[in-house]
Amino acid sequence: MKDSYHINFSAFSLNKFKNGLKSRDLLPSRKVLLDSIDTRFAALEKCNIENLEQLIKFLKSKKKIEKAAEQTGIDVNYLTILRREAASFLPTPVPLDKLIEPEYGNSLEALKNQGIKNSKQLFEAGCHIDSRKHLALKTRIPEALFLKWVELCDLLRINGVGPVFAHMLHESGIKSIKYFNKLSATELLEQISRFNERKKFTSISLRPEDVDYCMDYVKELDDVLEID
């Protein structure tokens, strides 16, 4: 079954990954990835690494990283950090009890009984109208509420978006990745900032580069969420 929750790693080129590293404000521990980046990525390309999927498989384990270091001449520490950065493009699904409010405990239990325990499972089970209506009926969850939760899961597909940010985006009117694609980075930042100033949702201030990164990431996601 095709993974509809994450980006298509096989379509995400190594060159795009490299350019993203150059343009982003990396964590201090990952700034080392910029050292001789063109030379090192050229060495990876010589090993027929063309996309993110191949890169992660190439560096899948400690043993493979050591072998890759021998093949490419790139040191083990660099490759280890590179693998962590590449793997971060695969956001870990969020447990539903971290996303859905405690007062909906009965609904959480009903979803769990259907084998749905995290954001990926809920998104894949409810992204299509027919399956969502069927599950809403089966779990006795109101369709509007069910859709809201699926929309939150859609937002959690974006790398860097956690439960708090997803709720803030949704309440500010940015209810799914479709809404991201309708706005420019400037419009998006202004809308979120205005909402946060009014509601005091979080003390964290978004930077333009944070929004730019989210916007770039969203472009790699398939917009599969069906809404009436």
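The values are calculated or read from the model by the stated rules, or taken from the named source; none is laboratory data. Everything numeric here is computed off the predicted structure, so don't read it as measured data. Note that we place each Cβ from the backbone using ideal geometry, even for glycine, and neighbour counts take in every protein chain shown.
Would you call Val94 under 24 Å from the mean Cα position of the chain (by Cα) and not aromatic (Phe, Trp, Tyr)? So Val94 passes the test.
Among the residues of the stretch 9-16, is there at least one that is closer than 13 Å to Leu82 by Cβ and modelled with pLDDT of 95 or more? There is at least one residue in the stretch 9-16 that is closer than 13 Å to Leu82 by Cβ and modelled with pLDDT of 95 or more. Can you tell me which residue is modelled with the lowest pLDDT among those in the stretch 99-125 that are surrounded by fewer than 17 Cβ atoms within 10 Å (Cβ to Cβ) and not in a helix (DSSP H, G or I)? Only one residue tops the list, namely Glu101.
Of the residues contained in the stretch 25-44, one or more are found to be among the charged types (D, E, K, R) and under 24 Å from Arg157 (Cβ atoms). Gln71 fulfils the conditions (1) in contact with a Cys (Cβ under 7 Å, 6 or more places away or on another chain); (2) surrounded by 15 or more Cβ atoms within 10 Å (Cβ to Cβ) except for a single criterion, (2).
Looking only at residues of the stretch 126-173 that are of a type in the set (Asp, Glu) and surrounded by fewer than 19 Cβ atoms within 10 Å (Cβ to Cβ), we find that the one that is farthest from Val211 (Cα to Cα) is Asp130.
Of the helices (runs of 4 or more DSSP H) that lie entirely inside the stretch 14-98, those containing 3 or more residues that are of a type in the set (A, V, I, L, M) span 37-46, 52-58, 62-72, 76-87.
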